[in-house]
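Please read the structure below before turning to the comments.
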Amino acid sequence: MTRSRFRTILYVVAASVSLVGLGEATYLTVIYLTGATAVCGGSASCFEVLGSKYARIAGIPIAAFGTVAYFSAFSFATFAAFGYPRARTFFALMVGAMFGFTLWLLFVQAFLLHAFCRYCLFSAAMIFLLAGIVAASPPSD
């Protein structure tokens, strides 16, 4: 398999993973904006995290920022799959920012709230997978 084909497959997988994350972040944003209660499978700690002061920045739910970040990652990965070299750079930068923010949010959940949200952990897994794809992507020719 050639490098470019391998790279294309990685970016198609990255776009697919980003779509999954986009769906989850959009769900949580809509739940927050409508005032509904997220279905967390009976986990009380999920409600504690989503209802905490750390779940918003300037009154905007963090999930809304996640929606924008996942949509950006999806867009950049899609363009990268079609061979746009700048899109690869923007994708790597976006995933790096998402990774850093995810580490901060995991710290907040573990050491400040002492509670974990299942949605947040799923999103962290998606972002870790995207970071792995960035790391596995061969350098430009």
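Per residue, how large is the accessible surface of the chain? Use a 1.4 angstrom probe and give square angstrom.
Values: 7800 Å² over 141 residues.
Ligands and nucleic acids excluded, the figure is 55 Å² per residue.
Per-residue accessible area for Val20 at 1.4 Å probe radius, Å² rounded to 10?
Counting only protein heavy atoms, Val20 exposes about 70 Å² to solvent.
Relative to the longest principal Cα axis of the chain, at what angle does helix 85-107 sit, 0 to 90 degrees, rounded to 10?
30 degrees
Only one of the listed values, [x] 101; [y] 159; [z] 121, was derived from the coordinates as volume of the Cα convex hull per residue in Å³; which label is it?
Answer by label: [x].
Output the relative contact order of the chain, whole-number percent, from Cα pairs under 8 angstrom with separation of 6+ residues.
Details: 134 pairs, mean separation 51.3, N = 141.
The normalised contact order for the chain reaches 36 percent.
Say we join alpha carbon atoms closer than 10 Å with springs in a Gaussian network model of the chain; which of Leu33, Leu129, Leu19 then has the biggest fluctuation?
Leu33
On a full-extension model of 0.36 nm per residue, what is the gain between Phe107 and Thr8, subtracting their alpha-carbon distance, rounded to one decimal in nm? Working shown, then result.
Details: separation 99, 0.36 × 99 = 35.64 nm, distance 3.36 nm.
Extending this stretch completely gives an extra 32.3 nm.
Long-range amide H contacts for Arg56: which residues qualify at under 5 Å (H placed 1.01 Å from N, peptide plane, sequence gap of 5 or more or a different chain)?
Answer set, sorted by chain and number: Ile62.
Taking only Cα atoms and a 10 Å spring cutoff, compute GNM fluctuations for the chain and point out the largest among Ala125, Ala14, Ala63.
Ala125
Compute the Rg/Rh shape ratio of region 1-71: radius of gyration over Kirkwood radius, all on alpha-carbon atoms.
Numbers: Rg = 16.1 Å, Rh = 13.8 Å.
Answer for region 1-71: 1.16.
Would you be so kind as to identify which of Ile133, Phe47, Leu121 lies farthest towards the positive end of the dipole of the chain, taking Lys and Arg as +1 and Asp and Glu as -1 on Cβ and the Cα centre as origin?
Positive-most Cα among the choices belongs to Ile133.
Taking 7 Å along the Cα-to-C-beta vector as the label spot, tell me the Ser43-Ser140 distance in nanometres, rounded to one decimal.
3.9 nm
Carbon and sulfur together cover what percent of the accessible area of the chain at a 1.4 Å probe radius? List each step's numbers first, then the result.
Numbers: 5680 of 7800 Å².
Heavy-atom surface of the chain belonging to carbon and sulfur, 1.4 Å probe: 73 percent.
The values are calculated or read from the model by the stated rules, or taken from the named source; none is laboratory data. Since we're looking at a predicted model, the values are computed, not measured. Every residue, glycine as well, gets a Cβ built from its backbone with ideal geometry; the counts of neighbours run over all protein chains shown. The area values use the complete protein model at the heavy-atom level, side chains included, leaving out ligands, DNA and RNA. Shrake-Rupley method; radii C 1.70, N 1.55, O 1.52, S 1.80 Å.
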